1. So which GluC sites (Glu not before Pro) in segment 70-179 end up in coil per DSSP with only 11 or fewer other C-beta atoms within 10 Å?
2. Scale the Cα Rg of segment 52-98 by the rule-of-thumb value 2.2 N^0.38 Å and send over the ratio, two decimals.
3. Using 0.36 nm per residue of separation minus the Cα-Cα distance, give me the extension gain between LEU54 and ARG177 in nm, one decimal.
4. Relative contact order for the chain using alpha-carbon pairs under 8 Å, separation at least 6, rounded to a whole percent?
5. What ranking of LEU152, LEU123 emerges when the number of other C-beta atoms within 10 Å of each C-beta is taken as an exposure proxy, fewest first?
6. Just to check, using Stokes-Einstein with a Kirkwood Rh over alpha carbon pairs, what's the diffusion coefficient of segment 15-74 at 37 °C and 0.692 mPa s in µm²/s?
7. For segment 116-166, just the Cα set please: Rg and Dmax, both in angstrom.
8. Calculate, in nm to one decimal, what GLN2 and LEU142 gain on full extension: separation in residues at 0.36 nm each, minus their alpha carbon distance.
Amino acid sequence: MQISSRERNILILAGLVAAIFIATSIFPAIGDVYQGREDSLDSLRLDIEREQRLIANTADWRERRVSVELAMAELEAQTFDGETVPIVEANIQSALSLHARDSGITVSSTRLAETLETDGWLLISQEMSYRTTDQANTVAFLEKLEQSLPRLRVTDFNVNRSRNQYSGSITVVGFTRSEGLLLNEAEEQ
């Protein structure tokens, strides 16, 4: 069968229309698939870079965590424990008297402790009057307070000499967390 020139022109025109249809509908779809693939690869590259940074920073974060845990443990060792404020006050007074006795200092009197609460912490201030016959005992006492655990910090100190005796007073503070601490006896009941 022989194709006439008119049929051949119609077939060529149909081929051109088909080619235009393919070019306008299939090529953009292929382009969208290609662009989606490129976007997916870029996202994957970013994820890989982020994971590599996290892996590289793992050691640094572990060091920071250990450092924070050590700081927290040190802070805990420096604070007093107790269920109520009077118990914590008694612990501070007991520690102060023990350090004085170990240093050869005689406790003359102690005043009632004063408390101050702020930002989840309770500061307890304890004043004590003392006497000793050797000035080296006072130095040893201050050194014991400086090295004490839980930490007793000296806020006020004075000493007087009269003949062969030294007398004075010292005020120390100790800290505890006020969270979970019964602040007065009415809360216990």
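1. Numbers: sites: GLU74, GLU76, GLU83, GLU89, GLU114, GLU117, GLU127, GLU143, GLU146, GLU179; in loops: GLU83, GLU179.
Counting only loop positions with at most 11 other Cβ atoms within 10 Å, the GluC sites (Glu not before Pro) in segment 70-179 are GLU83, GLU179.
2. Details: Rg = 18.4 Å, N = 47, 2.2 N^0.38 = 9.5 Å.
Normalised by 2.2 N^0.38 Å, the Cα Rg of segment 52-98 equals 1.93.
3. Details: separation 123, 0.36 × 123 = 44.28 nm, distance 3.51 nm.
40.8 nm is the gain from fully extending LEU54 to ARG177.
4. Values: 207 pairs, mean separation 37.2, N = 189.
Dividing the mean separation by the residue count of the chain yields 20 percent.
5. LEU123, LEU152
6. Values: Rh = 15.8 Å.
Rounded, D is 207 µm²/s.
7. Rg, Dmax (Cα atoms, Å): 14.1, 47.
8. Numbers: separation 140, 0.36 × 140 = 50.40 nm, distance 12.11 nm.
Roughly 38.3 nm would be gained on extension.
Just so you know, all these numbers are worked out from the coordinates, no wet-lab data involved. Note that the structure is predicted; figures quoted are calculated from it, not measured. Heads up, the Cβs are rebuilt from the backbone with ideal geometry, glycines too, and the neighbour counts pull from every protein chain shown.
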